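For reference, the structure is listed below as structure tokens.
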Amino acid sequence: MNTSEENFSPERRAAVLVETLPYIQHFAGETVVVKLGGNAMVDDELASQFAQDIVLMQSVGIKPVVVHGGAPQIGSMLDRLGMESEFVDGLRVTDSDTLDVARMVLVGKVNRDIVSSINIHGPLAVGISGEDAGLITATSRHEDLGFVGEIQAVNPTIINGLLKEGHIPVVSSIGADDEGQAYNINADTVASSLAAALEAKRILYLTDIEGLRADMEDPESHISEITSSDLQNLIDNGTISGGMIPKAQACLEAVQAGVGSAHMVDGRISHVILLELFTDSGIGTMVLPDQEKK
């Protein structure tokens with residue numbers, strides 16, 4: 001899309017605004033969860049555009065909730081501290097020292113950076129952890145992984161309170177058990193579980209690809225819309241594999257738990273959230289409950 005001044009005429013600008021109107025009306029008052037990841041977390045320009053998109057959503061009556069992880073940032077800090085990382089089935093083994101680093105990076109650095117980028121546009125964002133106010137109750141996923149957590153329950157009371165007051169919650173993917181032991185949890189899973197607990201209208205996952213493909217090697221096989229059962233079939237038959245499985249599984253879990261739709265979008269595209277929510281064509285892959293396939 002060419003948005004230069006000479007090609008993006010006043011008439012075209014007006015047409016874009018008119019196109020967005022029914023979508024704004026459709027989503028007004030609804031909760032939309034956005035899981036931030038990929039380049040949008042590390043590229044300064046994309047991060048700034050993300051913050052603008054989130055604030056615009058809030059300004060037109062949508063209730064955005066941001067969820068983030070920070071595996072690359074955690075890995076970088078561990079390297080700087082000379083701490084080696086061990087992985088089991090792609091998951092970082094998290095002992096007590098590694099957990100301390102993860103909490104420091106996720107809550108003290110990444111979360112604060114996202115909050116600050118949003119609050120440039122007004123005092124809207126509030127950073128919280130899944131440990132806060134019993135938001136996420138977790139337990140150990142497997143003893144071999146140490147303090148890698150699995151969600152047991154989500155209590156969205158604190159999030160609902162913040163939304164009611166007009167704030168934008170920014171949630172880091174840490175949870176805790178009943179004894180106060182913290183766990184690092186996959187952020188995609190946190191986002192889907194939180195979206196379900198909030199009865200969100202939509203959930204968007206920002207990734208570094210344009211969405212799902214029927215053939216992972218063929219960009220032309222992009223899937224724009226798919227039902228949860230068809231997506232499950234693509235996972236079962238091996239069409240979707242590797243790093244896309246967690247994203248696909250998170251989308252499935254969200255729609256199966258009652259979220260209206262789940263979307264995988266390319267976070268490398270400028271203002272991709274607005275393109276996905278407020279345009280006729282959308283831009284990523286939308287996962288729908290079976291009965292809602294168009």
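What the table shows:
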quantity: Options N184, N233, N237: the member that is open to solvent by 30 Å² or more (accessible area, probe 1.4 Å), more than 18 Å from L277 (Cα to Cα), modelled with pLDDT of 95 or more and among the polar types (S, T, N, Q); calculated: N184
quantity: Residues being within 17 Å of H68 (Cα to Cα) and not in a strand (DSSP E or B) - total across the stretch 135-157; calculated: 2
quantity: Yes/no for L56 being in a helix (DSSP H, G or I), closer than 24 Å to L198 by Cβ and open to solvent by 10 Å² or more (accessible area, probe 1.4 Å); calculated: yes
quantity: From S76, S116, residue being in a helix (DSSP H, G or I), surrounded by fewer than 17 Cβ atoms within 10 Å (Cβ to Cβ), within 20 Å of the chain's Cα centre (by Cα) and among the hydroxyl-bearing types (S, T, Y); calculated: S116
quantity: Members of the stretch 121-160 that are at positive phi and not hydrophobic (A, V, I, L, M, F, W, C); calculated: G122, G134, G146
quantity: Candidate set: the stretch 203-230, residues that are among the acidic types (D, E) and either part of a loop (DSSP other than H, G, I, E, B) or touching a Pro at 6+ places or on another chain (Cβ under 9 Å) (or both); chosen: the one least open to solvent (accessible area, probe 1.4 Å); calculated: E210
quantity: Sole residue being open to solvent by less than 50 Å² (accessible area, probe 1.4 Å), in a helix (DSSP H, G or I) and either of a type in the set (F, W, Y) or modelled with pLDDT of 85 or more (or both), chosen from A191, A262, A200; calculated: A191
quantity: Any hit, the stretch 246-261, residues being of a type in the set (V, I, T) and over 23 Å from I24 (Cα atoms); calculated: no
quantity: Test set (1) of a type in the set (A, V, I, L, M); (2) exposed (fewer than 15 other Cβ atoms within 10 Å of the Cβ); (3) within 30 Å of F278 (Cβ to Cβ) - A133 fails condition number; calculated: (3)
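The values are calculated or read from the model by the stated rules, or taken from the named source; none is laboratory data. In this text, all values refer to a predicted model and were calculated from it rather than measured experimentally. Don't worry about glycine lacking a Cβ; one is built from the backbone with ideal geometry, like all the others, and counts go over all protein chains shown. When the accessible area is computed, the model is the full protein with side chains, heavy atoms only, and any ligands, DNA or RNA have been set aside. Shrake-Rupley method; radii C 1.70, N 1.55, O 1.52, S 1.80 Å.
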